[in-house]
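A single structure is presented below for examination.
The values are calculated or read from the model by the stated rules, or taken from the named source; none is laboratory data. These figures come from a predicted structure and were not determined experimentally. Every residue, glycine among them, receives a Cβ derived from its backbone with ideal geometry; neighbour counts consider all protein chains shown.
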Amino acid sequence: MVYPGAGRAAVSDRPGCLPLLLTACRGAPLPEGMEEDRLLSAGREVLAALVSGDYETVCGMLRPDVAAEVSEEELRSLMLRQLDGAGVYKQIESSMVTGQSSDGEDYGVAVLYCEFDRKDAVFRLAFDPDYALIGLEVKQQ
């Protein structure tokens, strides 16, 4: 999971996360200037790259301070660990957005509930107000 704040990111040892503490969705409004459709579109773009194994593209979507702390191998490892046994990705079943704040930084989260052929999963993808990826969490449901 990605932890925004203090101008740096750190890789968490919490399973399913890359550098950003994503707290439970509370349905808070998005930060000023962020749009639901654009946030969901950005989330779908990241999801497509993740499920196709294109970790280089995902790393390119990360904000520079976060990208400096996250490798393609860490993304690959996260996906393999968190989606072990889920099977083949099929589709997004539903989605939502929420606003969150951590360490004084406001951001939007695209939450994508996805169908796989054996077990479903949820992807929580956090973006700063400029739509740079700053964190993600992947969990089987």
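Would you pick out the residues in segment 92-127 that are in contact with a Cys (Cβ under 7 Å, 6 or more places away or on another chain), surrounded by fewer than 17 Cβ atoms within 10 Å (Cβ to Cβ) and not aliphatic (A, V, I, L, M)?
Those that are in contact with a Cys (Cβ under 7 Å, 6 or more places away or on another chain), surrounded by fewer than 17 Cβ atoms within 10 Å (Cβ to Cβ) and not aliphatic (A, V, I, L, M): 93, 120.
Might you let me know whether segment 41-61 holds any residue that is modelled with pLDDT of 95 or more, crowded, with 19+ Cβ neighbours inside 10 Å and touching a Lys or Arg at 6+ places or on another chain (Cβ under 7 Å)?
Checked segment 41-61: at least one residue is modelled with pLDDT of 95 or more, crowded, with 19+ Cβ neighbours inside 10 Å and touching a Lys or Arg at 6+ places or on another chain (Cβ under 7 Å).
If you don't mind, there's one more thing I want to ask. Run residue 25 past the list (1) modelled with pLDDT under 95; (2) touching a Lys or Arg at 6+ places or on another chain (Cβ under 9 Å); (3) part of a strand (DSSP E or B) and report the number of the one that doesn't hold.
Unmet for residue 25, out of (1) modelled with pLDDT under 95; (2) touching a Lys or Arg at 6+ places or on another chain (Cβ under 9 Å); (3) part of a strand (DSSP E or B): (3).
Go through segment 49-141 and tell me which helices (runs of 4 or more DSSP H), entirely inside it, have 3 or more residues that are among the charged types (D, E, K, R) and without any contact (Cβ under 8 Å) to a residue 60 or more places away in the chain. Write out each step before concluding.
Working: elements: 55-61, 64-67, 72-82.
In segment 49-141, 72-82 are the helices (runs of 4 or more DSSP H) which contain 3 or more residues that are among the charged types (D, E, K, R) and without any contact (Cβ under 8 Å) to a residue 60 or more places away in the chain.
Another question about this same structure. Would it be correct to say that residue 20 is at pLDDT 95 or above and crowded, with 19+ Cβ neighbours inside 10 Å?
It is false that residue 20 is at pLDDT 95 or above and crowded, with 19+ Cβ neighbours inside 10 Å.
Related question: Yes or no: residue 84 under 20 Å from residue 67 (Cα atoms), surrounded by fewer than 23 Cβ atoms within 10 Å (Cβ to Cβ) and acidic (Asp, Glu)?
no
Another question about this same structure. Is it the case, given these coordinates, that residue 45 is closer than 22 Å to residue 130 by Cα and assigned to a loop (DSSP other than H, G, I, E, B)? Steps first, please.
Details: closer than 22 Å to residue 130 by Cα: yes; assigned to a loop (DSSP other than H, G, I, E, B): no.
The answer is no for residue 45.
Assess whether residue 107 counts as being among the aromatic types (Phe, Trp, Tyr), closer than 15 Å to residue 39 by Cα and touching an Asp or Glu at 6+ places or on another chain (Cβ under 7 Å).
yes
Kindly establish whether residue 77 is touching a Gly at 6+ places or on another chain (Cβ under 7 Å), surrounded by fewer than 21 Cβ atoms within 10 Å (Cβ to Cβ) and not charged (D, E, K, R).
Against the criterion (touching a Gly at 6+ places or on another chain (Cβ under 7 Å), surrounded by fewer than 21 Cβ atoms within 10 Å (Cβ to Cβ) and not charged (D, E, K, R)), residue 77 does not qualify.
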